[in-house]
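Asker: Got a structure here, written out as structure tokens. Questions coming.
Laboratory data are not the source of any read-out in this text; all were calculated from the coordinates shown. Keep in mind that this is a model prediction, so the values were computed, not measured. So basically every Cβ, Gly included, is an ideal-geometry build from the backbone, and we count neighbours across all protein chains shown.
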Amino acid sequence: MSQLKVYNSLSRQKEVFESITPGHVGMYVCGPTVSGESHLGHARPFITFDIVNRYLKYLGYKVRYVRNITDAGHFEEEGREAEDKISKKAVLEKLEPMELVQKYTNLFHWAMNQFNNEEPSIEPTATGHIVEQIVMIEKIIDDEYAYVANGSVYFDVEKYNDDFSKLGLPYGMLSGRVLDDQLDSTRELDNQDEKRNKADFALWKNAPPEHIMRWKSPWGYGFPGWHIECSAMSTKYLGKQFDIHGGGMDLQFPHHECEIAQSTVCNHVTPARYWLHNNMITINGKKMGKSYNNVIKLSELFSGNHPLLSQAFSAMTIRFFILQTQYRSPLDFSSDALHAAEKGLKRLWEACEVLQNFSIADWELDAEKVDKELDEKVNRLLGEFEDFMNDDLNTAKVLANMFELVPVINSIKDKHQPADVLSKQTLLLLQQKMKIFTEEVLGLKSELSGDHTKLNGVLEVLIDLRKQAKVRKDYVTSDAIRNQLLTLGIVLKDEKNGSMSYTYN
RNA sequence: GGUCCUGUGGCCGAGUGGUUAGGCAGAGCUCUGCAAAAGCUUCCACACCAGUUCGAAUCUGGUCGGGACCUCCA
């Protein structure tokens, strides 16, 4: 079997993945900022890195997956006026930050659950790690890579770059930026600015009393800068150097660049060996984001309540839609594309269920009748599952292979060809690998919710009545049963062998 | 303006220098009381120009188009 290779943003090429500690992987992924409801664009990184987590586990690694919750900073609820945050009025009239944080954290967890994303091993919050962040900032100040100004602390990017470039670790190494170019292109220095240099970034921000989220620090009351939380938490839970750091491409600069600088100063080693970045979801070619006013919230997708949506889409449809594209490619959203994904997923999933219902072990198969060419093809298609995943997690190609296996499964089910065309060994392998890869690696699951036992019983009764009607050639009755069930979203199918099956839409 | 990425058939998308991606939609056929489903077959492609090469959607250069990021945003 091939080795796992991942595209490392640091080197801009695919590299063989080797963990620092054999058998173990430490992975840090930038989590959501819980000041608003998650949208479709947010779904991608968390599904992408869920796949990374799942596949590493499939390969036998023990994974510590850390994904933070950004709940510090100055927040406003979506749609609420900015005046809230500077209100000096009664406590209950003010926006209580933890209300927001709790509300959107709950919503986020609900969405992750809908997508069948596995829970991270640790989900630390920024507000829960203020102490660690302060300690880290103090260390950076002691080493003279940061300075205090008006109760805020800034990282001295130029000094860092001068010193660390000599070690081959210039500021900008991840995003491919050259600091001097940036300084040149952003010349106009603001006199009122506390920063010595335009490229410097905040480690700690001074916050006046009217600011509703603030903590005491050696530099006065304030709140931590955005970048330091990830450095503090990844170091605490994964060590000074860990294996994988993930996130959306839009975080590469400045967020991840700054993390590298901070952590490198504190820990004397670059934080992560492999930096993985997923591409954006676009809508009519534009990144989905607040500033573009083209956001589709997850709740709107699930309900279909949005002008751009022709219908509601399930979380699994969205997961499948995302997995049909390699994670480093941009993915363009449209209602039509999602609709196509929905139909494709249904077809794939039904074939998987059919396959799992085969009692292959009990089958008597004639080894003489095996179609060698087909048998080899099936084995090849299955063997490539790992090869494609190993090639930078190409879920799109794995799914394409699965779709090539669908006709093989269906034609055996419908007796278009006998099960003998495949050897028993191949059939068992097919059953086993399809199950593991769809459910465990790709994380797809049936969307039937609740207990359908009684409903299934009722359907059996109706099917029995319909069979009797068909025997009488009473097609009016048999069609009525089928058509009326259809209006309820239950599809009856007459199978080749005279039985009837049903699916819920 | 700077840095980087990208342009594939009606739609979404994969892609290695030479061979079918795959899904959805379309067409035909088989099966069927009729459907649905399924199976088989099939149409449609690589932005443009030039170069490298025996051969390029895949490499190089140019043109045009699209996108991301460019530091306090969260």
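Asker: According to a simple spin-label model (label point 7 Å from Cα along Cα-to-Cβ), what is the distance in nm between A:SER411 and A:TYR58?
Answerer: 2.6 nm
Asker: Please work out the Cα center distance from segment A:207-259 to segment A:305-337, rounded to the nearest Å.
Answerer: The two parts, judged by their Cα centres, are 31 Å apart.
Asker: Here is a follow-up. Cβ under 15 Å from A:GLY220's Cβ, A:GLY220 left aside: what net charge do those residues give with Lys, Arg +1 and Asp, Glu -1?
Answerer: 0
Asker: Return the percentage of antiparallel bridges among DSSP beta bridges fully within chain A, rounded to the nearest 5 %.
Answerer: Of all bridge pairs located within chain A, approximately 55 percent are antiparallel.
Asker: Relative contact order of chain A: what whole-number percent is it, with Cα pairs under 8 angstrom and at least 6 residues apart?
Answerer: Here the relative contact order equals 16 percent.
Asker: Starting from the Cα gyration tensor of segment A:26-278, take the square roots of the eigenvalues, sort them a ≥ b ≥ c, and report rounded, prolate or oblate (rounded when a/c is under 1.5, otherwise prolate if a/b is larger than b/c, else oblate).
Answerer: oblate
Asker: Once you place label points 7 Å from the Cα toward the Cβ at A:ASP336 and A:HIS452, how far apart are they in nm?
Answerer: 3.1 nm
Asker: I would also like to ask the following. Compute and list, largest first, the equivalent-ellipsoid semi-axes of chain A from the alpha carbon gyration tensor, each √(5λ) rounded to a whole angstrom.
Answerer: Semi-axes, largest first: 52, 29, 18 Å.
Asker: What is the angle, in °, between the Cα long axis of helix A:226-238 and the longest principal axis of the Cα atoms in chain A? Nearest 10 is fine, range 0 to 90.
Answerer: Roughly 70 degrees, rounded to the nearest 10.
Asker: Moving on. So if each residue of separation counts as 0.36 nm, and I subtract the Cα-Cα distance between A:ASP180 and A:GLU440, what length gain in nm does that give?
Answerer: In short, 88.9 nm is gained.
Asker: In this model, which of A:LYS346/A:LYS413; A:LYS413/A:LYS496; A:LYS424/A:LYS445; A:LYS139/A:LYS240; A:LYS415/A:LYS445 are farther than 20 Å apart at the alpha-carbon?
Answerer: Result: A:LYS424/A:LYS445; A:LYS415/A:LYS445 exceed 20 Å.
Asker: Here's a follow-up. Based on the alpha-carbon gyration tensor of segment A:404-505 and its eigenvalue square roots a ≥ b ≥ c, which shape applies: rounded if a/c is under 1.5, prolate if not and a/b is larger than b/c, or oblate?
Answerer: oblate
Asker: Further question on the same structure: Hey, what's the per residue convex hull volume over the C-alpha atoms of segment A:453-504, in cubic angstrom?
Answerer: 68 Å³
Asker: Using a basic spin-label model with each label point 7 Å from the Cα along Cα→Cβ, how many nm lie between A:SER303 and A:ILE122?
Answerer: 3.7 nm
Asker: Taking only C-alpha pairs under 8 Å that are 6+ residues apart, what is the relative contact order of segment A:453-504 in percent? Write down the numbers at each step before the final one.
Answerer: Details: 33 pairs, mean separation 10.8, N = 52.
Contact order relative to length: 21 percent.
Asker: Quick check: from the Cα gyration tensor, does segment A:298-441 come out rounded (a/c under 1.5), prolate or oblate?
Answerer: It comes out prolate by the Cα gyration axes.
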